[in-house]
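The values are calculated or read from the model by the stated rules, or taken from the named source; none is laboratory data. On a predicted model such as this, the values are computed, not experimentally measured, just so you know. Cβ placement follows ideal geometry from the backbone for every residue including glycine, while neighbour counts extend to all protein chains displayed.
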Amino acid sequence: MKHFEKTLHSTDIFKGRVIHVTHDEVALEDGKTALREVVAHPGGVCVAALTDNNELLFVRQFRYPYKEVLLELPAGKLEKGQTPLENGKRELLEETGAIGRAYMTLGQVYPSPGYCGEIIHLYFCRVDHFDEQRLDEGEFLDVERIPLDKAVQMVLNGELPDAKTQIAVLKTALLSQQNQ
């Protein structure tokens, strides 16, 4: 059975710099209608960058929606005119000063499919060398290096609540084990 909901009517609620919110009326497969609140987002990218010492590069930064400082892998919003991989390379350099090599995809993540259309592209790379950090205006963060094994334990212990970070750390660890 193919499941589908057809948009009958869409009303703009909010158009911001990053997100666009709509209130949609949809036709369900049983013929009834329902309302959906949808957040459109340009998407994001996250990079698990592993050093030659088997350390992942993390950034520690304040996240306003949670009113707390989170430890995450380098990540950011997709910019128009660039592929997800180009965005990932840019974000890694901007946030950590690292330049990676041997990039490979770790797939995509749909962080909140119940109401948001954001797709986050995950990548793995090896750190080739470091240049200068190039933080965006108003961006404040600290870079930390954490051994891959410790990062896995931090995921399992609930110390890394960010979903994209958890997934990328665990996928990186599995890939590292398979390539030994």
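What about PHE62, is it assigned to a strand (DSSP E or B), assigned by TED's automatic domain parsing to the domain that holds VAL155 and not aliphatic (A, V, I, L, M)?
yes
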If you go through GLU132, GLU139, the only one that is among the charged types (D, E, K, R) and touching a residue at least 60 places away in the same chain (Cβ under 8 Å) is GLU139
For segment 70-83, the count of residues that are more than 21 Å from VAL152 (Cβ to Cβ) and over 11 Å from the mean Cα position of the chain (by Cα) equals 5
Scanning segment 5-28 residue by residue, the ones that are surrounded by fewer than 12 Cβ atoms within 10 Å (Cβ to Cβ), in a loop (DSSP other than H, G, I, E, B) and modelled with pLDDT of 95 or more total 1
task: Please indicate, with yes or no, whether at least one residue in segment 69-85 is under 18 Å from PRO161 (Cβ atoms), out of contact with any Asp or Glu (no Cβ under 6 Å at 6 or more places or on another chain) and either charged (D, E, K, R) or loosely packed, with under 14 Cβ neighbours inside 10 Å (or both).
output: yes
Out of all the residues in segment 119-138, is one or more over 22 Å from GLY100 (Cα atoms) and under 19 Å from the mean Cα position of the chain (by Cα)?
yes
Flagged in segment 141-180 as of a type in the set (A, V, I, L, M, F, W, C) and part of a strand (DSSP E or B), in numbering order, are VAL143, ILE146
When every residue in segment 84-105 that is closer than 24 Å to LEU174 by Cα and basic (Lys, Arg) is compared, the one farthest from the chain's Cα centre (by Cα) is ARG101
Within segment 71-97, the residues that are among the hydrophobic types (A, V, I, L, M, F, W, C) and touching a Pro at 6+ places or on another chain (Cβ under 8 Å) are LEU78, LEU92
How many residues of segment 146-180 are surrounded by fewer than 16 Cβ atoms within 10 Å (Cβ to Cβ) and touching an Asp or Glu at 6+ places or on another chain (Cβ under 7 Å)? The answer is 1
Of (1) more than 26 Å from the chain's Cα centre (by Cα); (2) closer than 25 Å to GLU137 by Cα; (3) not hydroxyl-bearing (Ser, Thr, Tyr), PHE4 satisfies every one except (2)
